[in-house]
1. So what are the range 219-276's ellipsoid semi-axes, whole angstrom, largest first, if each one is the square root of 5 times an eigenvalue of the alpha-carbon gyration tensor?
2. Excluding residues on the same chain fewer than 8 positions from Lys365, give the aspartates and glutamates whose Cα lies under 18 Å from its Cα.
3. To one decimal place, what Kirkwood hydrodynamic radius in Å is obtained for the chain from all pairs of distinct Cα atoms?
4. Any chance you could check the Cα centroid distance between the range 111-175 and the range 296-317 for me, in angstrom?
5. At 222 nm, what value in deg cm²/dmol follows for the chain if DSSP H runs of at least 4 each add -39500 (n - 2.57) and the sum is divided by all its residues, to the nearest 500?
6. Listing Arg114, Arg435 from the residue with the fewest other Cβ atoms within 10 Å to the one with the most, what is the order?
7. Viscosity 0.890 mPa s, temperature 25 °C: give me the Stokes-Einstein translational D for the range 145-208 in µm²/s, with Rh taken as the Kirkwood radius over C-alpha pairs.
8. How many angstrom lie between the Cα centre of the range 365-403 and the Cα centre of the range 449-481?
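Derivation of every value follows stated rules applied to the coordinates shown; laboratory data play no part. Computed from a prediction, not measured in an experiment: that's the story for all the values here. Neighbour counts run over all protein chains shown; Cβ positions are idealised from the backbone, glycine included.
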Amino acid sequence: MPKDNSIKSVLIIGSGPIVIGQACEFDYSGSQAARSLREEGIKVILINSNPATIMTDPMMADRVYLLPLTPESIEQILQENQIDAVLPTMGGQTALNLCKEVDELGIWQKYNCRLIGVDVAAIDTAEDREKFRQLMLKIGVKVAPSKVANSFLEGKEFAQEIGYPLVIRPSFTLGGTGGGFVHSKDDLDEALQRGLTASPIHEVLVEKAVLGWKEYELELLRDKNDNVVIICTVENLDPMGVHTGDSITVAPAMTLSDSSFQDMRNQAMLMMRSLGNFAGGCNVQFAQDPQTEQLIAVEINPRVSRSSALASKATGYPIAKIAAKLAIGYSLDELKNQITQTTSAYFEPALDYVIVKIPRWNFDKFKGANDTLGLQMKSVGEVMAIGRSFTEAIQKACQSLENEAVGLGYYGKSLMKSDELVDYIKTPKWDRIFRIKDALMAGVTVKTIVQATGIDRWFIYQIQKICNIEREIANHNIDSLPEDLLKEAKKNGFSDLQICKILHGDCDEEQIYEKRKALGITRVYKMVDTCAAEFEAKTPYFYSTFEG
């Protein structure tokens, strides 16, 4: 069935001010959605209190309201415009919370405006920790042992029942705000008080902490015919204990066994279908015990998110654009794949490259801030790199961080001793990935690093590979550097400046460039085509690499 022709005008709710945990990703999604709906001849009215966004450009929507994100503003817009439907899934948690508040006041009903892309029951279930837990148990999806507390005394009682370490998760907050780990009863009072205060409904989930488990995130789309596709599976390099927005993430997932991957897919689809009968996007987070491969559901968000923006760029599949079209009644098989322009959007991207996202922090601006990473998101941005291998992608990402890194390494800086490094990397901090590499260069074993960090050994072996190439390069000067070693270094993401810093003797970046150019070691450009070259791609979306 084609689109719902009764929808002539749609209100899109933006995400408001850019804050840590909710930033430009939602501007990207809102802009995509507005363009997608206007393509269909639908009038788009947009509200966002933040004028410094692309979505509030007069070109993006038919009418833009720069008003506070409050029920009063929504009512004013509904009075001034004939609006058939509201799409709240493009404005992060702010938009979902506002949509729920407006619904409770009966305003949507009063103005005959219906929700699309999600329903209020789904928002409630996903964000109310107890309802989410009950639903998971009902559909047979495992969750960590937990209880919901609405008071300080209740929280203390449950904490004693469940045992330490614990995690405190407030309901209806974004970016892990108010959340935290409790390792002993000495930390409990402060953590409980903070969580209850942060939650708009004065509610927290007291949950057994699965620290050290592996963390995965899946991006899903569903249409009105209950067709579900999984657009991307993202793996967190850091184990559970670091907010996903502060973790280095990799797509596609690198260390999942096939049976675990299929199990995760099936559970994610079951979770999305059990949330309600809406058409749109959602993302699901899982934790996996690295020893037994047991899976537990962490949370589900019935909206586009930070990771949806990453998945869109990583796969070339425009999640927000397609989600907006699904919300107005199209089914996946009726929409065109935006990349090939010939096949349908009812497919799952296949990647023949690796994506690495590294968050960016700015602790210098926040004097006295604790730079240890935990449940509450602290990053103020991120970089994303594409390569043919994990080693190439992580080195390219490190080069983009604007922190003097010329690859995975700081060169010419004083290093800690090996035992100090092992101690340092036990605590997640912004520079842990660099210190892991320093530890490997200092002779610390892969096993020791895995035990200290909880990071999967596959990733540590990949960093070991970078170290091995670096050691080989260090045996040469620019004249004796062999062609095959230079080619290997470039394939694994080493920058010209990085090679220059590792070599013996005097040389500069330009000399390395001229040498490899003379040897024919130059960049080639490959396409992000979402279907691993199975179909011809029509989109000019490329990444550079040194593979032939």
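1. Semi-axis lengths for the range 219-276 are 24, 14, 10 Å.
2. Asp246, Glu382, Glu402, Glu404, Asp431
3. 24.8 Å
4. What the calculation gives is 20 Å, centre to centre.
5. -11000 deg cm²/dmol
6. Arg114, Arg435
7. 224 µm²/s
8. Taking the Cα centre of the range 449-481 as reference, the centre of the range 365-403 is 19 Å away.
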